[in-house]
1. For C371 and V297 in one chain, what is 0.36 nm times their gap in residues minus the Cα-Cα distance, to one decimal in nm?
2. Suppose each label sits 7 Å from its Cα in the direction of the beta carbon; what would the R229-E527 distance come out to in nanometres?
3. Report the extension gain between K157 and A920 in nm, rounded to one decimal, defined as 0.36 nm multiplied by the number of residues separating them, less their alpha carbon distance.
4. On a straight-distance basis, which aspartates and glutamates could pair with K748 in a cross-link, Cα separation under 14 angstrom, same-chain partners fewer than 8 positions away excluded?
5. DSSP loop GluC sites (Glu not before Pro) in the range 227-267 with at most 15 other Cβ atoms within 10 Å of their Cβ, which ones?
6. What do you get for trypsin sites (Lys or Arg not before Pro) in the range 631-717 restricted to DSSP loop and a cutoff of at most 14 other Cβ within 10 Å of the site's Cβ?
7. How high is the relative contact order of the range 111-191, given as a whole-number percent (alpha carbon pairs under 8 Å, six or more residues apart)?
8. Write down the Å³ per residue value for the convex hull defined by the alpha carbon atoms of the range 672-741.
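Read-outs: derived from the displayed coordinates by stated rules, not from any lab. As the structure is a prediction and not an experimental result, all values here were calculated from the model. Quick reminder, even Gly has a Cβ in these numbers, built from the backbone with ideal geometry, and neighbours come from all protein chains shown.
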Amino acid sequence: MRIANLKYLWNHNKSMSITKYPPEGIITPMKINKDFEYIILWMLYNNDHCTWSEFKSKPVNISPATLSKYLNILKRNGYIEQEKKGEYRITSEGRKQYTELQIKDSLESSLNYPPEVITRTREYDHWILWMLYNNAYCKWSDFLEPPLSINQSSLSKNLNILLDKDFAEKENREYRITRDGETEYFKMLKSYDLDRQSILDEECKRVCVITDKVSMFFDEYKIDDDEIRYRFLNMILRLDYTKFESTLSDELDFDKILLFLSINHPDNYPDYITAKNFALDYDIKLTTLEFFIDKIVEEKNYAIKFFELKVDDKITYYVQAEERLERILSVIIEDYIRKFTYLSKFQKQEGAQNSPPDINQLLDDVIKDICSDLFHEDLKPSLRKFLVEYIEHLAYKFETEKNLINHTDKIKGIAFQNVFEVIQSFGTSETASTVNKPVDNESYYFLHNRIFDTLDIIYFSKIDFIRMVEFKKAYFSKNTEFLGMMEKKLAKGHLSKVNDLLKDNLKNLNDVELMILKDLTLTYNGELEESLELTNEIIEKYPNEYVGYLFQSITYFLMGRFKDALSVVDLGLNMSFNILLISQKTQVLINYDHDKAQELIDKIFQDYPDNFALNRTKFLVGMTDCCTKIYDEPFKLINSLIDSNPDDSELSIMKAILYTVNHKYKEAKDWIKQTVEFNLLKGNPRVDTAAYLILSFSYVARGKFEKALDIVNKVKFHYPNHPLSHIITGLVHGFNIVYNFDKSKINKELFKKEFQKAKSMEQSEKKLSRYYQLESYILNETDGFDEAIKAIDKAIELSPEHFDIYSTKTHIYLTYNDKQDEVLALYDELFEKFPQNDKEIRHMKSFSYYALGEIEEGVKLLREGIKVYPEAIVMLNNLSVFLGGLGKFDEALEVIERAIEIEPRDANLFDSYGEILMFAEKYEAAIEKFHQALEMNPTGWFAFHTFLKLSKCYKALGMEDKAITCYEKAKVLIQKVLPGKRKMYLDQLDENIEELNKVHI
């Protein structure tokens, strides 16, 4: 209160004085253009307030147009505020900006240049960094002219490198250093022969800049511990708030987040403050705190790195890279690593009788050493896991370090790499396999990827169609800009703003434009029956226009009524041929008759190879076929589409989904992190929710449950009212129940509650059916047959024309031995209901015959099917295995070789080839085929089965060590198969397992 009163008195006295104007040198500078921003800020800084007329008066004489322009710019930037009409005041941000402009003005005529110790080398990026740090800004010519005289080519190359790394920024042809650049500048200084005092003086200059602000922060929150203060200063000097400004609007919250990291440091053990208590004590939202802690610690694109020392589920301490504790730890570990490496080499030369040093002993020695000085004794158990990951980090750091220029550095890199390899082989690392690293590290857990079908961006929606050039030209040639505004609001879910926009512009719209926009709002409100009525009206009024048929077909599609969607789109095509109608028809057929979708798109594509809609649709046809075929074309198509449309973020999401359905989960995760920027203030729900689903799915598939939980927290923070937020939560917790990733976090009620929330929010019956489908898949593993069947029957009720959902029902039946007769009856029903899926039904039914032991019936069914579908790989594969099981080896080999000739890239065919040879007791030849299958696809769904069969072959050849190794590998992989599906395959191998158990496994 005293400060406020003093400020009032100071301002009051100031306001009584005569208006002050800038000196002549500022009003009429020697340069051509006046700096109006500086003039206005000068007046407001040196007066309590200024009026419009004072800016127009002599001696400044700013014209009304120019004055209006710059006042608006300054207001938008938050530098000034208007309290009364025609009266302006400077803000605190404006004072900072004025000070910067003042410094810039004073430095403009003279530049500081780097000392000789830096210019002695040709490290031009160092010269440039020095210049940018020690001057307010620099221009291109400043580097070209003496005394630097950098040639244009080198200057361009090095400036671009600094700009790309965010060490510098360019605005109005002026180059300035960024916060990250300042951090890099101090790293650079340490590589030169400068005295420590000079470097410290430079760093102190930066501290002085923020002293007032930080002092007020420390005083307000009573931060008096010097160690916490020092850690906070260290962070705030290196982490740039502007990197977070787009998603974190309050800089004070940013400071609080850094304070949380500063407090929770191992030096403070056993003291600790939980995120929940910190949020209450320091008045910050818990979700905000958790979200940004995770962002700062996990993401790699910030100036500093943190290591997490996890004590338990509730307590995590944070160690900042390059701080005192981390540097000392690095030196200690380096010494032990050298010792370990030297002794390993020495003992190896001494002879085999000496056992090599034990990696576990190395860890014990390091922990004992560091717990005497650096860490509290109670942290020993937590440090073991921490050290393994930290050593891996150092190994990677030295492996990739570019400046390992001297002998010592090279030895250091080799030593760390050797220990890293030993750590992997001993299995102490999370990334190391329990049996063999590639098998465990690259294999994935079986999930259910049909949930991606619910994403808004998968199929062309009404929003997607109105974005297209041909649509705008046909229906909004005079209102293209308005349509763009509507589309952006709809895409972001701002329905109230859409309605307001529509009301305000009714008089500017013709009849068909108005009906199109009304239908868009009905569709995105989930009022699909009303949409059908309105699109009927459009068709009746404008029978020769394609838009009514297109929009009505999409509405039927969202309702899961595929036959109606096809009928209406065919009606439109009969009236007039249209590419957008072809795209819509194709995406309906993808769900109803995939082969016809492929035929249609291939036929039309020949005539319109450059059309965006057709290229995008052709990609979708290929992507949805990737689940059953080896198919390269979708990757070529999506890369081509992205190259042609680099600003289309939805295409990037589609590429990530393609990676996912091809089980390339790490690539999917990396691609999302590379291309998607989550912005809380400029949310894009179509893109963001899809990206979050891909990330969570990828992490679960790779067994990284904690990382998947992090995504759950982010999506619930970012989109708490979106159905996919709850689906993601339900999916992650559901598969935790199935695979038991973390027993302590199994929560069946939460899994069910989240699915229920999502279902209550979803308005599209097609999407809703997918929610029930995924839920049934999980329920079959958690709650059993009855609950799973209830859920899948509900999915069928919602989308009765979707064959894929019936496939899930057959999957549920197949996991129960006592349900095989019922599933055979279901197949007969499917033959009648889905004649277009005859090939798939025959394949599934043949498997049921095999499971029942009725192999002859299966062979008969497959022979009949192959007459109709002579190149059906799945039927040829099954027939070959069935014939092998019956002892008809020659015919079986003939069939499998025919299948391989048709599709030589399918690794599963080579596994089947090996299985036939195994049946024929040709074990060595079988082993060769099994290894060929694993080399082609080491993470294939069949891999666990292949290793089990390999173990049987090796056992038959008397090679017990290899038999045991293969069986152990199979045990690792088998844990990643759904328990129900696992049982379905293992029932056929009971005898094999019993035999192997006799080999002392």
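1. Contour length minus the Cα-Cα distance gives 24.2 nm.
2. 6.3
3. 268.1 nm
4. E775, E781, D783, E787
5. Loop-located and lightly packed - E245.
6. Passing sites in the range 631-717 are K682.
7. So the answer I get is 30 percent.
8. Given the Cα convex hull of the range 672-741, per-residue volume reads 72 Å³.
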